[in-house]
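So the structure is just underneath, and the comments pick up after that.
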Amino acid sequence: MRADNNTKEKILSAAVELMSSKGYRGTTLQEIAQCVGITQAALYYYFESKEAILIEIARTAVKDAQTAVGNALKENASAQKRFADALQAYTYVVLGNKGMKIYFDEVRELSDPAKQVVKREEAELVQALAEAFRECQKAGMTAFTSVTPRFVTLAVIGMSSWANRWYDDSGTLSKKEVAELITRIALHGLFK
């Protein structure tokens, strides 16, 4: 029997909705199955455990961020513009992706081996941004020449990542406007 991708996506979608409101521990496999309209036994055909669902949510969220950042870094622009666009793209994903919130809130629930898989993918994202900032340093575009690119990257994406805690879709600013503002705030002190 072959796994039905549509059902698998429905399971992940239901899990994202439930875990984003109730947390990992507060969400049961039975609730996820009920939301999809399948039995809990059928759910096991698609995922061997609740942790496997969380791993898939986390990996998908990180991959979404990697894709957005990667696309911004491919642009034919100055190093500073590419870094700024990549940070803005990352922030936009953080604000609009419930899976990112689940990742930030629930990664601690993963077993160590599973956590290492997801953290490795996150490290690739950080490395891509750090390399972009290193280009800015080489081009003399930043006052922060003695600080490691990784440190700067972790600082600015930390600022962006925290926004998923307080951002409200019903507020006066759109996701795009908030991503632009966070990027401007983060970079204002970085570049000459």
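The values are calculated or read from the model by the stated rules, or taken from the named source; none is laboratory data. Keep in mind the model is a prediction, meaning the values are calculated, not measured. No Cβ is skipped: glycine too gets one built from the backbone with ideal geometry, and neighbour counts run over all protein chains shown.
One table, with the values for the structure above:
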quantity	calculated
Residues located in the range 26-38, provided they are of a type in the set (Ser, Thr, Tyr) and under 15 Å from GLY99 (Cβ atoms)	THR27
Filter result for ALA14 (closer than 21 Å to GLN127 by Cα and at pLDDT 95 or above)	no
Count of the range 70-114 residues which are part of a helix (DSSP H, G or I), over 20 Å from GLY26 (Cβ atoms) and of a type in the set (Lys, Arg)	2
Options LYS50, LYS119, LYS138, LYS74: the member that is more than 16 Å from the chain's Cα centre (by Cα), of a type in the set (Lys, Arg) and closer than 29 Å to ASP4 by Cα	LYS50
Any hit, the range 91-113, residues being among the acidic types (Asp, Glu) and either modelled with pLDDT of 95 or more or surrounded by 20 or more Cβ atoms within 10 Å (Cβ to Cβ) (or both)	no
Criterion (in contact with a Ser or Thr (Cβ under 6 Å, 6 or more places away or on another chain) and either at pLDDT below 90 or over 20 Å from LYS63 (Cβ atoms) (or both)) met by exactly one of PHE144, PHE83, PHE191, PHE151	PHE191
Leading residue by the ranking (nearest to ILE11 (Cα to Cα)) among those in the range 63-107 that are basic (Lys, Arg) and out of contact with any helix residue (DSSP H, G or I) (no Cβ under 8 Å at 6 or more places or on another chain)	LYS74
When residues of the range 68-79 are limited to those that are of a type outside the set (D, E, K, R) and farther than 25 Å from LEU173 by Cα, the one surrounded by the fewest Cβ atoms within 10 Å (Cβ to Cβ)	ASN76
Residue satisfying condition, being surrounded by 15 or more Cβ atoms within 10 Å (Cβ to Cβ), touching a Cys at 6+ places or on another chain (Cβ under 9 Å) and part of a helix (DSSP H, G or I), within set ALA58, ALA15, ALA65	ALA15
Search result, residues across the range 5-25 that are in contact with a helix residue (DSSP H, G or I) (Cβ under 8 Å, 6 or more places away or on another chain) and either over 15 Å from GLY99 (Cα atoms) or hydrophobic (A, V, I, L, M, F, W, C) (or both)	THR7, LYS8, ILE11, LEU12, ALA14, ALA15, VAL16, LEU18, MET19, ARG25
